[in-house]
Each structure stands twice: as structure tokens, then as C-alpha cells.
Amino acid sequence: AVVSTQSTGRYKKISKSILAELDNIPSKTIKQFEQDIYSTVSDMGYKSVVVMSTATETERVVIVAISQYCRLKCTSHLPISVVEIELKKKTFVKPRTPLSKLMYRYSTN
């Protein structure tokens, strides 16, 4: 399978620490969050912020990874398990290749 250069560029936006943890997360889990984040961000206005509460470390990692992959500004507040996603562009454009699909291709298991 050929991964587009756009996807590769987006993939490189994800921080190394998040990528390392992302390896252990099933692409199914990533896909669930992608749909939530895409629909939430699509409804947001320019320069608005959405705050997502995370129950587990896995959720936090997935939300941060998807945000970074989509080139959204993302701030993770560790002690209180909250992730802020900010829409800095006028419109949100969904990535052509979703991160879940990319992770599925990159995964070894």
C-alpha cells in the first residue's frame, strides 16, 4: 500500500512520545475517537476550543495523536486528565487518510 506524502507529513507532526504509546493501541480505538473528534471539530467555529475529558491514559494519547495528525492545536492537562483542542484555521479539513488507517498499515501485529 502506498501512503500519500500528505499522510506522511501529518504523521511526522505527532510527537515521538505519543507515537511510541500509539503503537500499543488498536486502530479500532483510534477510529472511534477520530469520528468523535472530526464531528466535534467540524461543528466548531474559527478559533474556538473544545475540552475533552479523558478517563484513561489511552484516551489521552489517542486524542492528542489525532489532534496532532489533523494539525489542530492541542494542549494536554495531565493532572486533571483533560485535553483542549483548538481550531486555529477557518475551516477544518478531514485528512484524506485517517490516522487509524495509517496506524493499521504501520502496525506489525
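The values are calculated or read from the model by the stated rules, or taken from the named source; none is laboratory data. Quick caveat, the model's predicted, so the values are computed rather than measured. So basically every Cβ, Gly included, is an ideal-geometry build from the backbone, and we count neighbours across all protein chains shown. Heavy atoms of the whole protein, side chains included, go into the accessibility calculation; ligands, DNA and RNA do not. Shrake-Rupley method; radii C 1.70, N 1.55, O 1.52, S 1.80 Å.
Please list, ordered by chain and number, the residues whose modelled amide H lies under 5 Å from the amide H of Lys73; skip anything fewer than 5 residues away on the same chain.
Correct list: Glu86, Lys88.
Testing the spin-label approximation: label points 7 Å from Cα along Cα→Cβ at Thr56 and Asn24. State their distance in nm.
The two pseudo-label positions are separated by 1.1 nm.
Could you order the peptides 58-69, 23-34 from most to least packed, using the average number of other C-beta atoms within 10 Å per residue?
Details: 58-69: 23.6, 23-34: 16.4.
So the peptides 58-69, 23-34, ranked by packing, come out 58-69, 23-34.
For the chain, what is the accessible area per residue in Å², given a 1.4 Å probe and the full set of protein chains?
Numbers: 6620 Å² over 109 residues.
I get 61 Å² per residue for the chain.
How fast does the stretch 53-103 diffuse by Stokes-Einstein, in µm²/s, taking the Kirkwood radius from C-alpha pairs at 25 °C and 0.890 mPa s? Let's see the in-between values first.
Details: Rh = 11.7 Å.
Diffusion coefficient, whole number: 210 µm²/s.
Using a Cα-Cα cut-off of under 12 Å, which aspartates and glutamates could be cross-linked to Lys12, ignoring same-chain neighbours fewer than 8 residues away?
none
In percent, what relative contact order does the chain have, based on Cα pairs under 8 Å that are 6 or more apart in sequence? Please report the intermediate quantities before stating the final value.
Details: 135 pairs, mean separation 38.8, N = 109.
Here the relative contact order equals 36 percent.
Averaged over all directions, how much area does the convex hull of the C-alpha atoms of the chain cover when projected, in nm²?
Values: hull surface 26.3 nm².
For the Cα atoms of the chain, the hull's average projected area reads 6.6 nm².
Cross-chain or 8 or more residues apart, Cα under 12 Å: how many lysine pairs in the stretch 42-108 fit that? Count them up, please. It would help to have the intermediate numbers written out before the result.
On the way: Lys47/Lys73; Lys47/Lys88; Lys47/Lys89; Lys47/Lys90; Lys73/Lys88; Lys73/Lys89.
Here the count comes out as 6.
Per residue of the stretch 90-101, in order, report the coupling 6.51 cos²θ - 1.76 cosθ + 1.60 (Karplus, θ = phi - 60°) as ³J(HN,Hα) in whole Hz, putting x for Gly and Pro.
5, 9, 9, 10, 5, x, 5, 9, x, 4, 4, 5
How large, in percent, is the carbon and sulfur part of the accessible surface of the chain at a probe radius of 1.4 Å?
52
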